[in-house]
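Trainee: Before I ask anything, here is the structure I am working with.
The values are calculated or read from the model by the stated rules, or taken from the named source; none is laboratory data. Since the structure is predicted, the reported quantities are computational estimates derived from the model, not experimental observations. Cβ atoms come from the backbone with ideal geometry, glycine included; neighbour counts cover every protein chain shown. Heads up: the accessible areas ignore ligands, DNA and RNA and are worked out on the full protein's heavy atoms, side chains in. Shrake-Rupley method; radii C 1.70, N 1.55, O 1.52, S 1.80 Å.
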Amino acid sequence: KPADLEPQVAFWRNVYAVWGRSEVAVHDNRYMDLVYEIVQLPGEVGEGYTPAQKELLQERLDEWRDRLRGLEYKLTFGLPLNGDERQLADRIARHADLRTAIRGASERVRYQRGLRDRFLRGLQISGRYDRLFRDIFRRYGLPEELAFLPHVESSFQGNARSSAGAVGLWQFTPAAAKAFIGDDSLAARLDPVASAHGAARYLRHAYDRLGSWPLAITSYNHGIGGMKRAKDRYGHDFMQIVKDYDHPQFGFASRNYYAEFLAACEIALQPELFFAEGIRFEPDTGVDLMERHAASTPKPLPPVHLAAHAPKSKAVKTSRSGPATFSPTRPPMVATNRPVGRTLARKPPPGTVPVRYPADQRVAKTVGASTNSPGANLDARSAARRANPREGVSKKRSAHPY
């Protein structure tokens, strides 16, 4: 993991494992460790916002924008600061160069709702698929940690639907499903095994085209063509791409996608460190699913070797008998055995009762589903550029838009 990416990763760790859905972080969308305020939502907290909650969040955004605009004005013209302005300036300076960070800071303020409850539920559901998905990626010669990607895409909600029409755990649109699953039907896109195979094919293709995992994983959001243009300009310097790549479609979601994935990996690898109340993984259904979809399972492919292109700080392991694997901060998990169907907790609080939730197979628009799936950018123009099937994305992007 590039050291400069840690503030972004830390931010998403907080989103996924610290802040609940009643908490909303007001923060700078470039300097991600610059969190101005955690707003506590009043009243009943549901999946969406009530009118009163929306009004409160807008008020807080407006106030911070006014304060930052005033501070920028005074610093620009060398005017004296009052006590509150000095405190704000010192706060910014602890995270970035003040003169640089204050420029345009009022336009970079956004808010992000906590997803702890949703991520915990995703961990529970992931027990059904963990062994199965890892086996699928291993057969394609890919790192098993890619099985954690649904935490970012859909929180393992099988009924997740994005505004772009992507559905399922892996968020495929019809066009992307046709290209990588070989079937654009709704049933194929909702099928956890068929779509996992499609995701593996896409990521193998993306890595072959782009040559590094930060680029390939980000392309799941931004597209292979888009990341190829970024690579042509900045090479494999991923942090320079994140900081400096200027493209109307490379917005907040794309800049943060790899950091979100790394944060999800850290939490999923050792969930007991983040959810001390205990996690009830749902029973493993992978054997039955694999038997029903045996025809979809390819012969094992040669492993993707990461050493040539992985960042120097990334732990890399290659094996003659299995795929190359990487871990953002911890050893590779090839030999890790995830518990299924039981409580996992470091020190469960007294009285902790594991809870099972019924599976909901309905297809519905789910708040927080990724709007930038492998097919969110495949529209009527895709036939003319099938070689780069993730190009043509909408300019309206947002990571976890609530």
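Trainee: Can you run phi through the Karplus equation (6.51, -1.76, 1.60; θ = phi - 60°) for the range 35-44 and list ³J(HN,Hα) in whole Hz, with x for Gly and Pro?
Mentor: Each residue of the range 35-44 in turn: 9, 7, 6, 10, 8, 8, 6, x, x, 5 Hz.
Trainee: Now, a different point. To the nearest 0.05, what FRET efficiency results for R103 and E44 with a Förster distance of 41 Å applied to their C-beta separation?
Mentor: After rounding, the FRET efficiency stands at 0.55.
Trainee: Still on this model: What list of ³J(HN,Hα) couplings, whole Hz, do you get for the range 205-219 from phi and the Karplus terms 6.51, -1.76, 1.60, once you set θ to phi - 60° and write x for glycine and proline?
Mentor: For the range 205-219, the Karplus-derived couplings read 4, 5, 5, 4, 7, 9, x, 8, 6, x, 6, 5, 5, 5, 5 Hz, x marking Gly and Pro.
Trainee: While we're looking at this one, here's another question. Using only the heavy atoms of the protein chains and a 1.4 Å probe, how would E72, E59 rank by accessible area, largest first?
Mentor: E59, E72
Trainee: Still on this structure: According to a simple spin-label model (label point 7 Å from Cα along Cα-to-Cβ), what is the distance in nm between D117 and H95?
Mentor: According to this spin-label approximation, the distance is 2.5 nm.
Trainee: Expected output is a single nm value to one decimal: the length gained when fully extending between D84 and D237, i.e. 0.36 nm times separation in residues minus the C-alpha distance. What is it?
Mentor: Taking 0.36 nm per residue and subtracting the Cα distance, the gain is 51.2 nm.
Trainee: Full-extension gain between R65 and F77, please, as 0.36 nm times their residue separation minus the C-alpha to C-alpha distance.
Mentor: So the chain would gain 2.5 nm between R65 and F77.
Trainee: When the accessible area of the range 123-261 is split by element with a 1.4 Å probe, what percent falls to carbon and sulfur?
Mentor: For the range 123-261, the apolar C and S fraction of the accessible surface comes to 44 percent.
Trainee: Let me ask something additional. Calculated FRET efficiency, E37 and E272, Cβ-Cβ r, R0 41 Å, to nearest 0.05?
Mentor: 0.85
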